[in-house]
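All remarks here apply to the structure that follows.
The values are calculated or read from the model by the stated rules, or taken from the named source; none is laboratory data. Keep in mind that what you see is a predicted model, and the values were worked out from it rather than measured. Every residue, glycine among them, receives a Cβ derived from its backbone with ideal geometry; neighbour counts consider all protein chains shown. In case anyone asks, the SASA skips ligands and DNA or RNA and just uses the protein heavy atoms, side chains included. Shrake-Rupley method; radii C 1.70, N 1.55, O 1.52, S 1.80 Å.
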Amino acid sequence: MAHYHVDGTLVVAKLRRNLIGGCAYQDVMIRQEDGSHRSIGTLTVLDDMKQMMVPGTRGRFYFYDVLGSKGLYGARPIGAKARAYFPYRWDLMFAGMGALNLLMALGWWLLSGSFAPFALTLGLLCLVFELLFLQARVGGMKSYRADDPRAPSPAELQGAEVRA
């Protein structure tokens, strides 16, 4: 589970296929400010972020990698509007599967079934995965917001009576 940013110019971003609500890109490569190239590989991008995947886009790109699911969740291009959208798809899927398995385990225990421990284990595992995605989403968005050049300084965040 990681989220990181790369400063540079997007050099290569080959569209692999369209997905529901987004796209998959392969061979994504960014030329960094020092001239070196950083290969990102294959990643998914939500529809709201597709315009940031045009080769030649220069700025700071924010990526995540959670359980093998890699993607772009934010970008601050030079001379354009910054955007950040973290996908909720995996969170919702694992939370729903975990809750469903826990309900099935409860039902099987009430009916004296033998699959209750399996359903309980699977439900708890899904909820653990959901928490990993939630932690990555919260950490990634905190990192994106902390990088905002227009963010208020600590002095600006003090109460009005302290500044007066």
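Here are a few things to note about the model shown:
- Rounded to the nearest 20 debye, dipole of the chain from Cβ charges on Lys, Arg, Asp, Glu: 440
- Cα-based helix-to-principal-axis angle, 89-110 vs the chain, degrees rounded to 10: 10
- Residues with amide H under 5 Å from that of residue 19, placed H, sequence gap 5 or more: 24
- Only protein heavy atoms count here; under a 1.4 Å probe, residue 78 has an accessible surface of about 110 Å².
- Helix 116-146 vs. the chain, principal-axis angle (Cα, 0 to 90°, nearest 10): 10
- Bridge type composition, the chain - antiparallel percent by DSSP, nearest 5: 95
- Spatially, region 123-137 and region 48-75 are offset by 22 Å when compared through their Cα centroids.
- Shape of region 1-156, Cα gyration tensor, a/c cut at 1.5: prolate
- Residue-span extension gain [residue 69 to residue 112] - 0.36 nm each, minus C-alpha spacing: 11.7 nm
- Anisotropy class of region 88-138 from Cα gyration tensor, a/c 1.5 cut: prolate
- The accessible area of residue 81, taken with all protein chains in place and a 1.4 Å probe, comes to roughly 150 Å².
- Working from label points 7 Å from Cα in the Cα-to-Cβ sense, the residue 47 to residue 121 distance is 4.0 nm.
- Each Lys and Arg Cβ is given +1 and each Asp and Glu Cβ -1; about its Cα centre, region 1-43 then shows a dipole of about 280 debye.
- Taking every protein chain into account, the 1.4 Å probe leaves residue 4 with about 60 Å² of accessible area, to the nearest ten.
- Using C-alpha pairs below 8 Å separated by at least 6 residues, the relative contact order for the chain is 18 percent.
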